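All remarks here apply to the structure that follows.
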Amino acid sequence: MKQFWKSMLRSPSGVIGLIILVLAIAVAVFGPLLFPNSPWRMVQRPFLPPFTLSTVPLGTDALGRDVFAGMIFGARVSLLVGLVSTLVALIVGVPVGAMAGYFGGKVDDALMRFTEFFQTIPSFALAIVLVAILQPSIYSIVASIAVVSWPPVARLVRGEVLSLRTREYVQAAVVTGQSNTWIILREILPNALSPVIVLASLMVATAILLESSLAFLGLGDPNLISWGYMVGAGRTVIRQAWWITVFPGVAILISVLGLNLIGEGLNDALNPRLSREGR
Amino acid sequence: MSKRVLLGILLACGLTAPALAQEPKTGGVINAVIQPEPPGLMLAMVQNGPVQMVAGNIFEGLLRYSPKLEPQPELAESWSVSDDAKTYTFKLRKGVTWHDGKPFTAADVLFSIEMLKQTHARARNNLVQVDKIEAPDDYTVVFTLKQPFGPFLGIFEVGSMPMVPKHLYEGTDFKTNPYNNAPIGTGPFMFKEWQKGSFIRLVKNPNYYEKGKPYLDEIYWQVIPDAAARSVAYETGKVDVLPGGSVENFDVPRLSKLKDTCVTGAGWEFFSPLAWLWLNNRQGPLADKRVRQAVMYAIDRDFAKDVIWNGLGKVATGPSASAIKYYTDDVPKYPYDPAKAKALLKEAGYKGEKIRLLPLAYGETWQRWGEAVKQNLQDVGMNIETIATDVAGGNQKIGDWDYDIAFTYLYQYGDPALGVGRNYVSSAIAKGQVFNNVEGYSNPEIDKLFADGAVATPDSKRKEIYEKAQKILVEDVPVAWMLELQFPTITRCKVKNLITTGIGVNDGFKDAWLDK
């Protein structure tokens, strides 16, 4: 573990990514404490440009709502959706991939055809359809993002498991009569985890983008403010008030960039060939 | 004289003496936006807003209505009412021809009414009090009513009762008649071509019965599906007329400031769209009158008018819009008063039960309004959950009474008997429909007042009845009235006389002319 942090901290992109992520999480967790008022509250005259009043540093939107407060609260929704939907996708994708890779044969065929079924549909289109059918709410959004993002996880895990399946220590475990579940959980998965972790960090970024795109199209949870909603609501007035879209847009950009940098850093740190080069 | 000098003089004239009437000029082509693209142009079959807007220039009714909703001659040049208010005699204009050259006569009127009874729900409803219709000669039509019906002279506008050519429709299947796609009317403009998804082209009717009219040669109704693109089309000069509702409200101030741009809110008096919140009177906290009153006090309607509608429209005082007959503002008032709302909620024993709010899925303006109302209601302690839905889904929920609060706006058609009563009388409670008494308000006194008001004579008696009804309704708050909406029409200032009647652009091109 110490080794891991060491190599993680040696990669500059990883460090920058970590700093961004920690900041974003801090904003999401503690920000709303600094802004006890709801971000939906109309606090000033509408279309107030940024940097004119210190109480609303980033200006106000079409209804006079504080853009800065919206961004703080939006961080919570965007990160939460990103993390939770990734977690759900992992919970579905990892077992599917592990079973397919470990048991092979008909089980593999069945599970992979099932996975491909999801992969053949363009993921964003599928997400839109699911949210529209289930009616937009935070739950349906998380669910639909998870549904469209688990197949790559399953395929990746399957590939890893397929290669690990033939290693001597796994065969030794089989010979000693350990149960399949035990072997998958104790012997195979821990060794297949590093690429999954890298993938997961990128999936969080994708999920944030997906949520933003859905909210942009008006398919966000109408009771929660999110960055994508702010961009979507401000889009039509962009010629009068650029700041309503630009600031949340920058927030999306930075957090997605941060997660990608972390992914890169993790890749460096977890890849044995790369990390040993530095020694 | 150079063009620039001429323009300067014209501008100076326009600025210094706006009241000076100018002589209309003949000729010119106008490009107007039509939004959304109409499903058809046969006004007797479909009556959506955009259909009326285009087809109102092709077809005509017996009467037009001034901005004050006084009847004016159109295909009928005069009319008289018998002393018992049961017989209405219309004298038709002579020398009127259909676009295919056949003369327009009383037979066409009789046929149109028979056809509309089958194809036009509102016309059928308007004609319920009619006992028989006769044509003693080719240019006279006599309506005999079962009993006096006060608003009768208000049902002859082109969208409510368009005249249809008998010789083309009699004995045919109305739905599949080929003339539905190339409508033939008596109006100032004739249908020429329709490139689906692109434009509808109308050309001048050279044989129009009012000599010299119409002044314009052609009208192109441009179909542009995106709101932002419609604003741009105006800015770049592709279109000269943006009828009400064709651009988003927040674009209106910007477009209004452009050079040579005129904006008017007139031309909607006949429809008087009134926006309100359906409040479900049947169940939950809103079954309590005090909670409904609290909703009225909690919502900052001036904010909605000034910010969301950019100052257009008027705060509603009650069930009738102010242009509707017998409107009175002598009713209980509900100013923005959150403290009072809180007190009323407390008195009613509201404990934070969840209340579902359905915004109207008609675009950005309505979405923002939904958010503002939600915030207003939350500020006084109501627990509001917004339900996201599309237009069809929203209609279904409202029709099934599966809501607590829902946005809507309805046309009122000039008279409380035509457009107001339907939302409050208990006989209009019918599941599955979205324009009737959706809130489930039931008050025998109101039922009686609206029943009496429709048939009472004389006018002063009706006035008394409807004023009483308004007072009772405003006290009971069956729905929360928000705003009298105004849909501004934006035009280049060189387009003159476009809006002269109570239905505005819908029949306005008859008188419009282009100052070149």
Scope segment B:435-464; condition touching a residue at least 60 places away in the same chain (Cβ under 8 Å), of a type in the set (Val, Ile, Thr) and in a helix (DSSP H, G or I); matching residues: B:VAL455
Any idea which of A:ALA205, A:ALA172, A:ALA241 is within 14 Å of chain B (Cβ to nearest Cβ) and among the aliphatic types (A, V, I, L, M)? A:ALA241
Can you pull out the residues in segment A:127-169 that are more than 16 Å from A:ALA207 (Cα to Cα), assigned to a helix (DSSP H, G or I), in contact (Cβ under 8 Å) with a residue 24 or more places away in the chain and more than 14 Å from chain B (Cβ to nearest Cβ)? A:ALA154, A:ARG155, A:LEU156, A:VAL157, A:ARG158, A:GLY159, A:GLU160, A:VAL161, A:LEU162, A:LEU164
If we scan segment B:494-503, do we find a residue that is in a helix (DSSP H, G or I), more than 17 Å from the chain's Cα centre (by Cα) and charged (D, E, K, R)? no
Considering each of B:ASN280, B:ASN207 in turn, give the residue that is in contact with a His (Cβ under 9 Å, 6 or more places away or on another chain) and over 21 Å from B:LEU498 (Cβ atoms). B:ASN207
Might you check whether a residue that is within 25 Å of A:TRP242 (Cβ to Cβ) and within 14 Å of chain B (Cβ to nearest Cβ) occurs anywhere in segment A:70-85? yes
Name the residues in segment B:131-167 that are surrounded by fewer than 17 Cβ atoms within 10 Å (Cβ to Cβ) and either in contact with a Pro (Cβ under 9 Å, 6 or more places away or on another chain) or more than 17 Å from B:LEU110 (Cβ to Cβ) (or both), would you? B:ASP138, B:VAL142, B:LYS146, B:GLN147
Output for segment B:153-173, where each listed residue is among the charged types (D, E, K, R) and touching a residue at least 60 places away in the same chain (Cβ under 8 Å): B:GLU157
Breaking point among (1) surrounded by fewer than 24 Cβ atoms within 10 Å (Cβ to Cβ); (2) more than 19 Å from B:ALA372 (Cβ to Cβ), for A:GLY101: (1)
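How about segment B:174-271: which strands (runs of 3 or more DSSP E) wholly inside it have at least 1 residues that are out of contact with any Lys or Arg (no Cβ under 7 Å at 6 or more places or on another chain), in contact (Cβ under 8 Å) with a residue 12 or more places away in the chain and closer than 30 Å to B:LYS117 by Cβ?
Passing ranges, in order: B:189-195, B:199-204, B:218-223.
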In segment B:350-376, the residues that are in contact (Cβ under 8 Å) with a residue 12 or more places away in the chain, out of contact with any Pro (no Cβ under 6 Å at 6 or more places or on another chain) and more than 14 Å from chain A (Cβ to nearest Cβ): B:GLY352
List the helices (runs of 4 or more DSSP H) that sit entirely inside segment B:288-381 and contain at least 2 residues that are under 23 Å from the mean Cα position of the chain (by Cα) and closer than 26 Å to B:GLY399 by Cα. B:364-379
Would you say B:ASN281 is within 14 Å of chain A (Cβ to nearest Cβ) and assigned to a loop (DSSP other than H, G, I, E, B)? no
Scanning segment A:96-122 for residues that are in a helix (DSSP H, G or I), among the small types (Gly, Ala, Ser) and farther than 14 Å from A:VAL153 by Cα, the one nearest to the other protein chains (Cβ to nearest Cβ) turns out to be A:ALA110
Answer yes if at least one residue in segment B:255-278 is within 14 Å of chain A (Cβ to nearest Cβ) and surrounded by 15 or more Cβ atoms within 10 Å (Cβ to Cβ), and no otherwise. yes
Restricting segment B:110-130 to residues that are outside any helix (DSSP H, G or I) and without any contact (Cβ under 8 Å) to a residue 40 or more places away in the chain, the one surrounded by the most Cβ atoms within 10 Å (Cβ to Cβ) turns out to be B:LEU127
Pick from segment B:229-249 the residues that are in contact with a helix residue (DSSP H, G or I) (Cβ under 8 Å, 6 or more places away or on another chain) and within 11 Å of chain A (Cβ to nearest Cβ): which of them is farthest from B:PRO36 (Cα to Cα)? B:GLU235
Sole residue being within 14 Å of another protein chain (Cβ to nearest Cβ), at positive phi and surrounded by fewer than 23 Cβ atoms within 10 Å (Cβ to Cβ), chosen from B:GLY381, B:GLY394: B:GLY381
Within segment B:392-413, considering residues that are touching a helix residue (DSSP H, G or I) at 6+ places or on another chain (Cβ under 8 Å) and among the aliphatic types (A, V, I, L, M), the one nearest to B:LEU483 (Cα to Cα): B:LEU410
What residue, among those in segment A:1-56 that are away from every other protein chain (no Cβ under 14 Å) and hydroxyl-bearing (Ser, Thr, Tyr), is nearest to A:VAL246 (Cα to Cα)? A:THR52
If you take the residues of segment B:315-344 that are charged (D, E, K, R) and buried (at least 18 other Cβ atoms within 10 Å of the Cβ), which of them is modelled with the highest pLDDT? B:LYS342
Would you please name the residue that is nearest to A:GLY220 (Cα to Cα), looking only at residues in segment A:125-170 that are buried (at least 17 other Cβ atoms within 10 Å of the Cβ) and out of contact with any helix residue (DSSP H, G or I) (no Cβ under 8 Å at 6 or more places or on another chain)? A:SER137
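Filter segment B:291-306 down to residues that are small (Gly, Ala, Ser) and within 14 Å of another protein chain (Cβ to nearest Cβ) and give me whichever is farthest from B:ILE384 (Cα to Cα).
Step by step, filter segment B:291-306, then rank; the result is B:ALA304.
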Taking segment A:39-81 as the region of interest, how many residues are free of Cβ contacts under 8 Å to residues at least 60 places away in the same chain, hydrophobic (A, V, I, L, M, F, W, C) and in a loop (DSSP other than H, G, I, E, B)? 6
Test result for B:LYS91, basic (Lys, Arg) and surrounded by 14 or more Cβ atoms within 10 Å (Cβ to Cβ): yes
Being assigned to a helix (DSSP H, G or I) and touching a Gly at 6+ places or on another chain (Cβ under 6 Å): is that true of A:VAL196 here? no
Do you know which of the residues in segment A:212-238 that are crowded, with 23+ Cβ neighbours inside 10 Å, under 17 Å from A:ALA69 (Cα atoms) and of a type in the set (A, V, I, L, M) is nearest to the other protein chains (Cβ to nearest Cβ)? A:ALA233
Can you name the residue in segment B:38-53 that is over 16 Å from B:PHE271 (Cβ atoms) and in contact with a Pro (Cβ under 7 Å, 6 or more places away or on another chain) and, of all such residues, is surrounded by the fewest Cβ atoms within 10 Å (Cβ to Cβ)? B:VAL46
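The values are calculated or read from the model by the stated rules, or taken from the named source; none is laboratory data. Since this is a predicted model, take the numbers as computed values, not measurements. Neighbour counts run over all protein chains shown; Cβ positions are idealised from the backbone, glycine included.
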